Amino acid sequence: MISNSPMGEDMQPSGQQQPIFIMQEGTQQKRGRNAQGNNISAARAVGEAVRSTLGPKGMDKMLVDNTGQVIITNDGATILREVGIEHPAAKMVVEVAKTQESQCYDGTTSAVVLASELLKNAEELLEKGIHPTTITTGYRKGLEASLAIVNHLAEKTALEFEEGIPLKSIAMTALTGKSAESSKELLGEICVSAIQEVSSLEDIRTLTVTGGSVGDTTLFHGVALEKDKAHPRMVNEAIGKIAVLSCAIEAKQSKIEAQVQISDPTQVAAFLAEEENAIKEMVLHIESMGVAAVFAQKGVDDLAIHYLRRSETLVVEKVVRSDLDAICKATGATMVSDIFDLGDDDLGESSIQVVNDYDMPFIRVASTATPSPVSIIAFGSTPHVAAEIERALDDALGVCWLAYQKDSQIIVGGGAPHAHIATQIAKVSHEISKGRERMAVEAFGKSMMIIPQTIGENAGLDPVDVALIMGSEHRENNWKSALLIETEDESGNALVCDGIEKLIIEPASVLKQALKSATEAAIMILRIDDVIMMRSEGPNNQGLQMG
Ligand code: ADP
Ligand code: MG
């Protein structure tokens with residue numbers, strides 16, 4: 001390591017006694033293999049951190065933050081987001097997971113594990129003296145070849161499903177290995193119904209409720225929100241007109257802090273009476289229009305609640321804006337910012353129910369407009385279970401949505417495409433490159449095998465056996481051969497199954513995105529040969545350490 005070093009010794013003109021400092025005091029610099037080795041180790045550590053969660057038998061992680069909050073999850077992107085990785089090269093790999101999540105909703109762990117393996121194999125080539133530029137060129141060619149192979153596999157998969165894409169199976173593949181797995185049939189069906197009803201994924205809302213069991217999860221046509229009525233003795237049901245307010249129902253308060261000086265006790269009464277009258281007028285205006293329920297973004301004065309309760313109007317206060325927007329969309333209401341602006345045209349229609357049967361109350365606002373948002377009301381026995389079910393549903397809804405889009409491609413999963421890419425690249429590497437670069441193309445192909453190997457390893461199989469059997473199947477062009485995970489065979493032998501027949505299928509875009517972003521991240525890290533840390537205080541933060 002060179003710490004605020006003079007220019008390299010070889011660059012020092014002979015005879016010169018004084019070193020030349022070109023960087024700020026405190027700057028640290030790492031160069032060449034030293035810099036590369038360090039970056040690669042840090043980036044690989046990210047892969048190590050999530051690999052045990054991959055596949056149907058992947059384990060969960062328990063994340064505990066400094067306030068004692070616990071998250072139990074199987075989701076790669078969630079793990080990496082929560083652990084707060086600091087090493088700059090490791091962060092590039094975390095970006096891979098984030099991109100994967102935002103673009104494709106699923107495949108985050110695979111993408112990170114791939115990036116990590118690409119770097120591991122690149123390191124071996126670097127040790128053999130192969131220049132990083134040669135490796136990155138080879139990796140680019142490997143990526144191009146892989147994407148062509150994925151397209152080819154997607155065409156073959158499409159021929160198997162000429163009657164239409166089995167969306168439910170796609171959702172179920174995404175749910176495999178999550179804590180929601182026991183109800184994947186039901187959740188799969190709900191995902192498919194939900195995406196077929198909306199014009200944008202944002203219109204599917206998920207409300208997680210603790211208290212019930214996963215099997216109680218339902219799709220509700222309308223908006224379900226985590227709220228209670230404004231007063232316990234208010235009605236639990238309201239049918240008819242609804243008003244949505246972005247204002248409060250309170251006596252107008254002056255924006256500037258004013259002091260009211262009162263010298264005579266009768267003035268106090270007059271002042272209060274004036275406030276009371278203002279509130280009464282607002283309530284009368286609402287009641288005059290025959291409103292059955294009011295949703296307000298801000299607070300509602302106790303007095304107003306009192307009057308509205310007596311007229312059997314349901315009031316829900318302090319509702320977040322996104323919920324109000326969804327309610328408007330579902331019921332045809334228009335949000336108003338001044339109660340006295342509220343006219344008949346602004347009112348929506350709905351039937352509303354306050355549900356008190358579980359650990360937390362929630363409110364269902366049925367939809368009367370089209371298109372309308374829909375809500376998945378997902379139940380979990382504890383808050384941790386419920387939160388993880390919500391994350392699993394996010395993945396499943398996302399992949400269903402991708403597969404439902406026009407011109408979408410689907411592909412067999414279970415490690416089959418990765419093994420296919422690995423074996424096909426080995427066959428054609430001599431056609432796409434020569435010499436040292438070919439070694440990099442081959443290393444790229446070899447890296448793909450890490451996915452079936454890790455899926456197998458997490459299910460208690462030997463990774464060498466997995467590579468052997470998947471390799472021999474796919475060399476012989478058995479493109480449907482996926483790793484068999486749920487097996488009756490107790491011997492622990494790696495076996496394959498027909499991935500199409502078992503309906504282990506996924507949107508091809510998930511795999512393509514994972515390949516692209518993993519390769520990009522690996523290339524970016526390999527191209528760095530100089531790390532200059534500006535005025536770091538204390539020792540370098542290494543982030544995660546290799547296990
Ligand atoms: P990711 O975050 O990458 O989506 P997952 O833990 O969800 O990680 O694992 C996804 C991998 O598991 C995919 O390669 C998928 O094809 C594979 N997979 C899903 N279901 C099965 C199954 N029944 N048998 C074998 N592999 C499966
Ligand atoms: Mg997944």
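The values are calculated or read from the model by the stated rules, or taken from the named source; none is laboratory data. From a predicted model like this one, the values you see are computed outputs, not experimental measurements. In this analysis, Cβ positions are derived from the backbone assuming ideal geometry, glycine residues included, and neighbour counts consider all displayed protein chains. Side chains are part of the model used for accessible areas, which takes the heavy atoms of the whole protein and leaves out ligands, DNA and RNA. Shrake-Rupley method; radii C 1.70, N 1.55, O 1.52, S 1.80 Å.
Among the residues of segment 152-173, is any out of contact with any Cys (no Cβ under 8 Å at 6 or more places or on another chain), assigned to a helix (DSSP H, G or I) and within 13 Å of ligand 2 (Cβ to nearest atom)? Spell out how you get there, then give the answer.
Looking only at segment 152-173, we keep the residues that are out of contact with any Cys (no Cβ under 8 Å at 6 or more places or on another chain), and these are 152-166, 169, 172-173.
Narrowing the set further to residues that are assigned to a helix (DSSP H, G or I) leaves 152-160, 169, 172-173.
Next, from what is left, pick out any that are within 13 Å of ligand 2 (Cβ to nearest atom): 172-173.
For segment 152-173, residues out of contact with any Cys (no Cβ under 8 Å at 6 or more places or on another chain), assigned to a helix (DSSP H, G or I) and within 13 Å of ligand 2 (Cβ to nearest atom): present.
Considering every residue within segment 208-224, establish whether at least one is open to solvent by 40 Å² or more (accessible area, probe 1.4 Å) and under 17 Å from Tyr105 (Cα atoms).
No.
Quick test for you: out of Glu202, Glu185, pick the one residue that is under 18 Å from the mean Cα position of the chain (by Cα), loosely packed, with under 14 Cβ neighbours inside 10 Å, part of a helix (DSSP H, G or I) and not aromatic (Phe, Trp, Tyr).
Only one candidate qualifies: Glu202.
What is the one condition in (1) modelled with pLDDT under 95; (2) in contact with a helix residue (DSSP H, G or I) (Cβ under 7 Å, 6 or more places away or on another chain); (3) small (Gly, Ala, Ser) that Ala422 does not satisfy?
Failed condition: (1).
Scan segment 503-545 for residues that are open to solvent by 60 Å² or more (accessible area, probe 1.4 Å), at pLDDT 80 or above and either of a type in the set (S, T, N, Q) or assigned to a loop (DSSP other than H, G, I, E, B) (or both) and jot them down.
Leu503, Arg527, Asp529
If I ask for residues that are more than 19 Å from the chain's Cα centre (by Cα) and within 28 Å of Gly456 (Cβ to Cβ), which ones from segment 389-413 would you list?
Those that are more than 19 Å from the chain's Cα centre (by Cα) and within 28 Å of Gly456 (Cβ to Cβ): Gln409, Ile410, Ile411, Val412, Gly413.
Looking at segment 90-113, I want the residues that are of a type in the set (Lys, Arg) and have a partner that is away from ligand 1 (no atom under 14 Å from the Cβ) with Cβ atoms under 6 Å, at least 6 apart or on another chain. Which pairs are those?
Every condition considered, the pairs that remain are Lys91/Ile85.
Under 7 Å by Cβ, and 6 or more places apart or on different chains, what pairs join a residue from segment 209-223 that is in a helix (DSSP H, G or I) with one that is of a type in the set (Ser, Thr, Tyr)?
Val214/Ser182; Val214/Ser183; Gly215/Ser183
Looking only at segment 454-502, count every residue that is within 15 Å of ligand 1 (Cβ to nearest atom), hydroxyl-bearing (Ser, Thr, Tyr) and surrounded by fewer than 19 Cβ atoms within 10 Å (Cβ to Cβ) and tell me the total.
The qualifying residues number 1.
Quick test for you: out of Ala148, Ala158, Ala171, pick the one residue that is closer than 28 Å to Gly499 by Cα and open to solvent by less than 10 Å² (accessible area, probe 1.4 Å).
On the way: Ala148 fails: open to solvent by less than 10 Å² (accessible area, probe 1.4 Å); Ala158 fails: open to solvent by less than 10 Å² (accessible area, probe 1.4 Å).
The conditions single out Ala171.
Just name the residue that is nearest to Val112 (Cα to Cα) out of those in segment 439-494 that are among the acidic types (Asp, Glu) and part of a loop (DSSP other than H, G, I, E, B). Write out each step before concluding.
To start, the set of residues in segment 439-494 that are among the acidic types (Asp, Glu) comprises 442, 457, 462, 465, 473, 476, 486, 488-490.
The next check asks that each one be part of a loop (DSSP other than H, G, I, E, B); those that pass are 462, 476, 486, 488-490.
Numbers: Asp462: 21, Glu476: 29, Glu486: 25, Glu488: 31, Asp489: 31, Glu490: 31 Å.
Among those residues, the one meeting the criterion is Asp462.
Which pairs have Cβ atoms under 7 Å, sit 6 or more apart or on different chains, and link a residue in segment 415-440 that is under 16 Å from Ile469 (Cβ atoms) to one that is open to solvent by 50 Å² or more (accessible area, probe 1.4 Å) and within 16 Å of ligand 2 (Cβ to nearest atom)?
none
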